[in-house]
Amino acid sequence: MIEIRDLHKYFGSLHVLKGIDLDVQKGEVLSVIGASGSGKSTLLYCINGLEPIQQGSVRVDGIDVHAKGTDINKLRTKLGMVFQQWNSFPHLTALENVALAPKIVKGKSRDEARDIAAKQLTHVGLGEKLNVFPSSLSGGQQQRLAIARALAMEPEYMLFDEATSALDPELVGEVLDTMRLLAEEGMTMICVTHEMGFARDVSDRVAFFHQGVMEEIGPPAQIFSEAQSEHTRKFLANVR
Amino acid sequence: MQPTVSFFSGFNINDLWFLGEAALRTLWISVLSISIGTVIGVVCGWLLYEGKLAATLTLAPVLDIFRSVPLIIQLVLFYNFAPIVGLNLDPFASGVVILSIYTAALVANVARGGIEAVGDPMRRAARSLGMTYWQDLRYVVFPIGGRAVFPAWVGVALGVMKDSALVSVLGYVELLKASQILITRTQEPFLILTIAGAFYFALSYPISRYSASLEKRWAQ
Ligand SMILES: Nc1ncnc2c1ncn2[C@@H]1O[C@H](COP(=O)(O)OP(=O)(O)O)[C@@H](O)[C@H]1O
Ligand SMILES: [Mg+2]
């Protein structure tokens with residue numbers, strides 16, 4: 001379970017997250033929507049400790065992410081993250097991309113790591129591309145590679161930061177399908193997304209962010225048809 | 001063969017051997033200086049990238065000095081002033097010290113560029129997998145950044161190899177100094193400089209070819 005309490009984040013004097021309170025249960029799929037600059041990416045970075053916070057707390061399975069004694073690298077193996085840019089390691093094959101972290105972070109043997117990598121690549125539909133370098137994969141394939149790379153650490157949570165925003169429109173579907181598959185398998189997911197169809201169909205809850213504040217959160221039906229906040233309605237009217 | 005006879009004699013096969021040996025000395029002082037300088041330079045480049053205030057304030061100007069003062073001046077100054085502070089170094093050692101620092105000054109910028117080439121998003125992705133700062137450097141930044149600036153580094157290395165000729169002013173008998181000795185004796189500058197040039201080419205060419213083939217392999 002992820003527990004966020006009164007989270008405040010500043011970049012210098014810029015107040016980016018203004019007191020976020022949010023719980024994400026095991027097995028839940030939460031979509032986070034909102035205008036660009038509203039603090040959605042920053043929220044994910046604060047959850048896995050890529051950004052320090054100035055006030056409040058984030059707990060993952062009871063462990064305080066930002067506490068001094070926390071082994072953040074170990075904690076991050078629980079929190080897979082997929083970014084807008086897929087960031088494949090260009091010098092490694094698909095298999096090596098996925099096998100690297102299990103090997104060096106988890107200390108798996110070379111063979112074990114490669115088995116895990118092959119399994120996860122097959123899982124995301126790249127079983128035929130094991131020995132291919134990222135440069136000869138499409139954007140959608142590279143994003144699925146990034147998903148496999150995160151899954152290979154056997155995370156309990158997956159954080160997606162606009163995983164489809166940088167893709168050509170015709171490649172969005174394959175990545176969304178992969179995310180849908182993970183959701184069906186019961187993965188706990190926080191998905192920052194502009195894909196309203198995905199948010200409506202796949203998520204258990206949708207959170208709307210506006211200028212660093214979580215304006216509204218609730219089941220998709222509620223957010224999409226009977227939003228309480230004026231900001232939410234305006235935002236949804238514009239993206240449709 | 002009498003020494004008096006050979007004093008003004010023409011170029012002979014032994015001289016070729018003499019030049020070959022000198023070429024090996026050029027190779028040796030270059031390999032040593034480039035290796036040491038690259039290691040120091042990479043560390044300096046990393047310090048510059050991390051941009052800790054002290055590094056930027058002290059290291060950057062020092063590197064600038066070594067990069068901009070002509071190598072020949074650095075060599076002569078160092079060779080003549082080092083004994084004053086109690087460092088009695090022979091021409092070879094003095095050459096290695098200055099060439100290494102000079103290489104380091106050039107490589108520092110190349111290395112910083114390499115780290116910058118990797119970019120924050122890539123590094124955040126690595127860290128998000130649970131890699132430590134050092135694992136990220138070792139397994140992500142070094143191979144990716146290294147490939148990005150490899151051609152620039154080869155350029156530095158080949159340049160330093162040619163510049164190692166300047167160590168001849170200290171009396172170290174590398175390729176250029178050996179050529180000068182032979183020219184004085186044989187009075188055949190064109191022949192000997194051509195041969196010396198061919199030796200330099202023979203040292204550089206395999207490196208260029210090999211690096212080109214590496215780049216090609218990485219480009220796939
Ligand atoms: N590293 C950073 N340094 C300074 N400001 C930042 C940084 N990252 C994000 N911001 C600012 O924080 C705000 C929220 O950004 P972000 O979380 O990326 O929003 P979103 O993902 O919702 O588009 C924006 O105003 C952005 O300019
Ligand atoms: Mg964002």
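The values are calculated or read from the model by the stated rules, or taken from the named source; none is laboratory data. Please read all numbers here as calculations on a predicted model, not as lab measurements. Reconstructed Cβ throughout: ideal geometry from the backbone, glycine too, with neighbour counts over all protein chains shown. All accessible areas refer to the heavy atoms of the entire protein, side chains included, with ligands and DNA or RNA removed. Shrake-Rupley method; radii C 1.70, N 1.55, O 1.52, S 1.80 Å.
Provide the solvent-accessible area of A:HIS231, counting protein heavy atoms only and rolling a 1.4 Å probe, rounded to the nearest 10 Å².
80
Which value, in Å³ per residue, describes the convex hull spanned by the Cα atoms of region A:64-207?
Working: hull volume 16.7 nm³, N = 144.
So the per-residue Cα hull volume is 116 Å³.
Heavy-atom accessible area per residue, the protein assembly as shown, 1.4 Å probe: how many Å²?
Numbers: 21430 Å² over 460 residues.
Per-residue accessible area for the protein assembly as shown comes out at 47 Å².
Using Cα pairs under 8 angstrom and six or more residues apart, how large is the relative contact order of chain A, in percent?
Dividing the mean separation by the residue count of chain A yields 25 percent.
When only Cα pairs under 8 Å and 6 or more residues apart are kept, what is the percent relative contact order across region B:28-167?
37
Please work out the FRET efficiency for the pair A:SER229 and A:ASP21, using the Cβ-Cβ distance as r and a Förster radius of 25 Å; give the result to the nearest 0.05. Mind dumping the intermediate values first?
On the way: r = 16 Å, r/R0 = 0.64.
That pair, A:SER229 with A:ASP21, gives E of 0.95.
If R0 is 56 Å, what FRET efficiency do you get for A:GLU170 and A:ASP64 from their C-beta distance, rounded to 0.05?
The value I calculate is 0.85.
Using only the Cα atoms of the protein assembly as shown, construct the convex hull and provide its projected area averaged over every direction, in square nanometres to one decimal.
Working: hull surface 117.8 nm².
Answer in nm², one decimal: 29.5.
Chains A and B: buried accessible surface, both sides, probe 1.4 Å, rounded to 100 Å²?
Its buried surface, counting both partners, is about 1800 Å².
Mind checking the dipole of chain B: about its Cα centre, +1 per Lys or Arg Cβ, -1 per Asp or Glu Cβ, Debye to the nearest 20?
Once rounded to the nearest 20, the dipole reads 620 debye.
Given the DSSP H assignment, sum -39500 (n - 2.57) over each helix run of at least 4 residues in the protein assembly as shown and divide by its residue total; what's the result at 222 nm in deg cm²/dmol, nearest 500?
After summing the helix terms and dividing by the residues of the protein assembly as shown, the value is -18000 deg cm²/dmol.
On full extension of the chain, what length is gained from A:SER109 through A:ASP71, given 0.36 nm per residue of separation minus the C-alpha to C-alpha distance?
Stretched out fully, the A:SER109 to A:ASP71 stretch lengthens by 11.4 nm.
With a ≥ b ≥ c taken as the square roots of the eigenvalues of the C-alpha gyration tensor of region A:147-240, please select rounded if a/c is under 1.5 and otherwise prolate if a/b is larger than b/c or oblate if it is not?
prolate
Got a number for the accessible area of A:HIS15? Probe 1.4 Å, square angstrom, nearest 10.
Result for A:HIS15: roughly 60 Å² accessible.
D for region A:1-40, whole µm²/s, Stokes-Einstein with Kirkwood Rh over alpha-carbon pairs at 20 °C and 1.002 mPa s: what number?
185
Given a cut-off of under 8 Å on Cα pairs at least six residues apart, what relative contact order in percent is computed for region B:93-182?
On the way: 50 pairs, mean separation 29.7, N = 90.
Reported relative contact order: 33 percent.
Between the helical axis of B:71-81 and the dominant principal axis of chain B, each derived from Cα atoms, what acute angle in degrees is found, rounded to the nearest 10?
The angle comes out near 80 degrees.
Using a 1.4 Å probe on the protein heavy atoms, what percent of the accessible area of region A:2-239 belongs to carbon and sulfur?
46
When the chain is fully extended, how far beyond the present Cα-Cα distance does B:LEU53 get from B:LYS216, taking 0.36 nm per residue of separation?
54.8 nm
Taking R0 as 51 Å, what's the FRET efficiency between B:ASP90 and A:ASP177 from their Cβ-Cβ distance, rounded to 0.05?
0.15
Which value in Å is the Kirkwood Rh of region B:28-167 over different Cα pairs?
So the Kirkwood estimate lands at 16.0 Å.
P(r) tail for chain A, what percent of Cα pairs lie past 28 Å?
When every Cα pair of chain A is considered, 32 percent fall beyond 28 Å.
Could you tell me the distance between the Cα centroids of region B:134-162 and region B:31-92, to the nearest Å?
19
How much solvent-accessible surface does A:THR164 expose, in Å² to the nearest 10, with a 1.4 Å probe and all protein chains in place?
Here the accessible area works out near 10 Å².
May I ask you to work out the translational diffusion coefficient for region B:148-200 at 25 °C, viscosity 0.890 mPa s, via Stokes-Einstein with Rh from the Kirkwood sum over Cα pairs, reported in whole µm²/s? Show your work: numbers first, answer last.
Working: Rh = 12.2 Å.
In µm²/s, the coefficient is 201.
Starting from the residue with the highest accessible area, list B:THR103, A:THR122 in decreasing order, probe 1.4 Å.
Values: B:THR103 0, A:THR122 85 Å².
Correct descending sequence by accessible area is A:THR122, B:THR103.
Rank B:TRP17, B:TRP153, B:TRP28, A:TRP86 by accessible area, highest first, at a 1.4 Å probe radius?
B:TRP17, B:TRP28, B:TRP153, A:TRP86
If B:GLU188, A:GLU170 are ordered by their accessible area, calculated over protein heavy atoms with a 1.4 Å probe, which sequence runs from highest to lowest? Each step should come with its number before you reach the end.
Details: B:GLU188 70, A:GLU170 135 Å².
Solvent-accessible surface, decreasing: A:GLU170, B:GLU188.
Indicate, rounded to the nearest 5 percent, the antiparallel portion of the DSSP beta bridges found entirely in chain A. Spell out each step's value before the answer.
Numbers: 20 of 38 bridges.
Just about 55 percent of them are antiparallel.
Which is farthest toward the positive dipole end of region A:2-239 among A:ALA35, A:PRO90, A:ALA148, measuring Cα position about the Cα centre, with Cβ charges +1 (Lys, Arg) and -1 (Asp, Glu)?
Comparing the listed Cα positions along the dipole, A:PRO90 ranks first.
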